[in-house]
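Encoded as structure tokens, the structure appears first; notes follow it.
What follows draws every value from the coordinates through simple rules; no lab data is involved. Just so you know, these numbers come straight off a predicted model, no measurement behind them. Here the Cβ positions follow ideal geometry from the backbone for every residue, glycine too, while neighbour counts run over all protein chains shown.
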Amino acid sequence: MSARRLAHELGNLGVLVRSGLVRPVRPSTAFRLGGAALRWGAGAATLVKAAAIQHGDRVALIDERGSLTFTELDRRAEALARALAADGVTAADRIGLICRNHRGFVDGLLAAAKLGADALLMNTAFAGPQLADSLAAEGATAVIHDQEYTGFNFGRRYVAWHDGDADAPTLDGMIAAHRDGPPVKPDGVGRIVILTSGTTGRPKGVARPEPRSLDPIAGLVDRIPLRRRQSQVLAAPMFHTWGLSFLLLGLYLGTTQVIRRRFDPEAVLADIECRRCSVVVPVPVMLRRILDLPRAVRARYDTSTVDVVATAGSALPGDLATEWMTEFGDNLYNIYGSTEVALVSVATPADLRAAPGTAGFPARGTEVRLLDERGRPVPRGVTGRIFVGNGGLFEGYTGGGGKQVIGGLMSTGDVGEFDAAGRLYVRGRDDEMIVSGGENVFPAEIEDLLTRHPAVREAAAVGVPDDEFGQRLLAFVAPAGEAPPDEDELKDYVKRNLARYKVPREIRFLPALPRNATGKIVKRELLDRA
């Protein structure tokens with residue numbers, strides 16, 4: 001490690017110490033923690049063992065079936081690892097997880113890490129054929145799944161959650177049968193493989209590398225007031241990078257995590273009040289659903305304990321950010337990143353007040369540049385492709401290929417711009433840019449404007465072929481009320497606020513736009529309707 005890099009990592013450590021996240025420990029505790037790291041490396045297995053050592057009988061997880069302590073989480077993971085090993089699963093296997101937010105997901109993830117096997121996190125919104133295709137493409141050899149996902153054939157299956165009779169061995173049964181015995185000796189360090197969202201094409205597997213830097217955690221706590229032993233509502237799907245990050249961070253911090261299989265906006269408010277939660281981890285569409293509750297329902301619950309609402313996973317409209325903080329206080333943090341490049345930037349409540357819709361400033365340890373088509377930097381206020389350098393860049397897709405790299409910086413696949421103060425705005429995907437009549441149009445700008453119209457609940461724009469202009473802009477709108485607004489009125493609204501060439505040639509109305517489990521609009525489904 002170079003002297004410059006060492007100084008930077010010492011600075012990261014200083015951030016963690018000042019935040020109270022790193023504290024001195026007894027020599028005996030340090031010895032046990034070191035032993036865990038030597039056995040499992042810098043991964044989830046070590047995190048849960050360290051959490052059991054440091055936080056023991058503190059409640060780690062609360063779901064619909066009750067609570068589990070950190071010690072119980074660790075013991076369940078070791079028991080399940082023994083059970084899987086007895087059934088022939090080894091470190092050479094890749095275990096698919098098709099689970100909603102509940103203890104079974106955590107059991108499966110941690111047991112795979114104890115074995116040294118890869119854990120493949122599957123999107124619960126995938127249909128049966130897409131699940132089977134992704135499992136095969138990513139080389140899964142065993143599957144841990146909720147009972148509702150049984151519409152496909154697979155060799156070794158284990159049921160994580162069931163409401164009736166299970167048609168395969170259950171995790172609870174396997175854990176009970178293998179509760180005693182020595183820990184499984186891992187033959188290697190397992191990886192966590194996360195699938196990209198697949199909103200515009202086939203999902204790709206991204207294997208997250210072992211942490212090479214403290215940047216990801218220091219970059220968060222440098223801007224967000226996270227503390228040890230808090231309670232949090234983890235509403236974001238845990239199969240997604242954002243939910244997974246806070247699940248693993250919670251193990252490190254000794255956080256009590258409240259999770260539910262399905263998102264329910266009123267239940268989130270009830271959990272905040274009941275558990276005195278200070279942190280909430282949603283995706284942006286969840287904020288919208290909470291705000292859409294009748295005011296009388298929202299007023300029933302005391303949410304004054306919440307200091308941090310940390311959202312990521314999809315675009316956060318500026319109006320939504322302002323509306324949330326007006327209702328619940330200045331506790332909203334908007335985080336931008338991706339499965340491939342990890343943490344990029346953080347917008348604090350002050351940033352969102354000053355510049356609603358911003359993704360904030362680059363995180364500690366992260367370099368962000370905006371480049372044109374020739375790889376040259378663009379000035380502030382000009383849209384360019386977003387390239388990132390940090391200690392969390394991925395090493396390529398599991399099926400081959402990767403992201404473009406220029407000067408050591410990796411493309412996020414998005415375009416954006418910096419304002420005069422240096423705040424980043426993400427304008428959309430670079431492969432979604434529409435060239436209509438020789439003019440470049442980014443759909444996100446039109447979408448953001450349309451959602452500000454009082455008659456529009458949500459909107460999306462896509463480019464479709466056009467004989468005259470090459471491409472034309474087609475917008476899809478979900479009305480805010482029962483009756484759709486007038487199409488010409490919406491076109492005039494866009495024309496009054498944006499350039500004429502950014503006005504959609506056609507607007508179609510749908511009851512709701514198709515979204516995946518992380519709240520992103522699935523545009524390939526809209527293109528199928530074009």
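Using the Cβ-Cβ distance between Lys491 and Asp419 with R0 = 25 Å, the FRET efficiency computed as 1/(1 + (r/R0)^6) comes to roughly 0.35. Overall size of segment 283-353 from C-alpha positions, given as principal axis extents largest first: 41, 21, 21 Å. Counting only Cβ charges, +1 for Lys and Arg and -1 for Asp and Glu, the dipole size of segment 311-422 around its Cα centre is about 440 debye.
Scaled against the 2.2 N^0.38 Å expected of a compact globular protein of N residues, the Cα radius of gyration of segment 41-88 reads 1.23. Shown for segment 3-190 is the translational diffusion coefficient from the Stokes-Einstein equation, using the Kirkwood radius over Cα pairs, a temperature of 10 °C and a viscosity of 1.306 mPa s: 89 µm²/s. For the pair Ala37 and Arg295, label points projected 7 Å from Cα toward Cβ lie 5.4 nm apart. Size descriptors for segment 433-529 (Cα atoms only): Rg and Dmax, in that order, 12.8, 38 Å. For segment 146-281, the percent of C-alpha pairs falling in each 5 Å distance bin, counted from 0 to the bin holding the largest distance, reads 2, 7, 12, 14, 18, 19, 16, 9, 3, 0.
By the compact-protein rule of thumb, 2.2 N^0.38 Å, the alpha-carbon radius of gyration of segment 417-477 corresponds to a ratio of 1.26.
Around the Cα centre of the chain, unit charges on the Cβ atoms of Lys, Arg, Asp and Glu (plus for the first two, minus for the last two) sum to a dipole of about 1780 debye. When DSSP beta bridges are restricted to pairs lying wholly in the chain, around 60% turn out antiparallel. Would you please calculate the Kirkwood hydrodynamic radius of segment 79-226 over all C-alpha pairs and express it in Å, rounded to one decimal? Roughly 16.2 Å, rounded to one decimal. Proximity of backbone amide H atoms, modeled 1.01 Å from N, is registered between Thr69 and Ala60 at under 5 Å, excluding neighbours fewer than 5 places apart on the same chain.
Work out the length of the dipole vector of segment 3-190 about its Cα centre, built from +1 on the beta-carbon of each Lys and Arg and -1 on the beta-carbon of each Asp and Glu, and round it to the nearest 20 debye. Could you put the intermediate results ahead of the total?
Details: 21 positive and 21 negative charges, 245 e Å.
The calculation lands at about 1180 debye.
Near Asp264, no amide H atom lies under 5 Å from its own; only residues 5 or more places off or on other chains count, and H is placed 1.01 Å from N. Backbone amide hydrogens, once placed in the peptide plane, bring Gly360 within less than 5 Å of Leu424, excluding anything fewer than 5 places away on its chain. Computed on segment 359-415, with alpha-carbon pairs under 8 angstrom and 6+ residues apart, the relative contact order is 32 percent.
Helical content alone sets the calculated 222 nm signal of the chain at -10000 deg cm²/dmol, taking -39,500 (n - 2.57) per DSSP H segment of four or more residues and averaging over every residue.
Each label was represented as a point 7 Å from its Cα along the Cα-to-Cβ direction; for Ala137 and Glu373 these points are 2.8 nm apart.
A straight line joining the Cα centroids of segment 93-157 and segment 302-341 runs 30 Å.
The HN-Hα couplings worked out from phi for segment 36-52 by the Karplus form 6.51 cos²θ - 1.76 cosθ + 1.60 (θ = phi - 60°) are 5, 5, 5, 6, 10, x, 8, x, 5, 5, 5, 4, 6, 5, 5, 5, 5 Hz, whole numbers, x standing for Gly and Pro.
Size of the chain: Rg and Dmax of its alpha carbons, in Å, are 23.3, 75.
3J(HN,Hα) along segment 520-526, derived from phi through the Karplus expression 6.51 cos²θ - 1.76 cosθ + 1.60 where θ = phi - 60°, amounts to 6, 6, 8, 6, 5, 6, 5 Hz, with x in place of Gly and Pro.
Lysine pair count for the chain (Cα-Cα distance under 27 Å; residues 8 or more apart in sequence or on different chains): 16. Since only Ala455, Ala37, Val193 are under comparison, the one whose Cα sits farthest along the positive direction of the charge dipole of the chain, derived from C-beta charges on Lys, Arg, Asp and Glu, is Ala37. Kirkwood analysis of the Cα pair distances in segment 231-430 returns a hydrodynamic radius of 17.8 Å.
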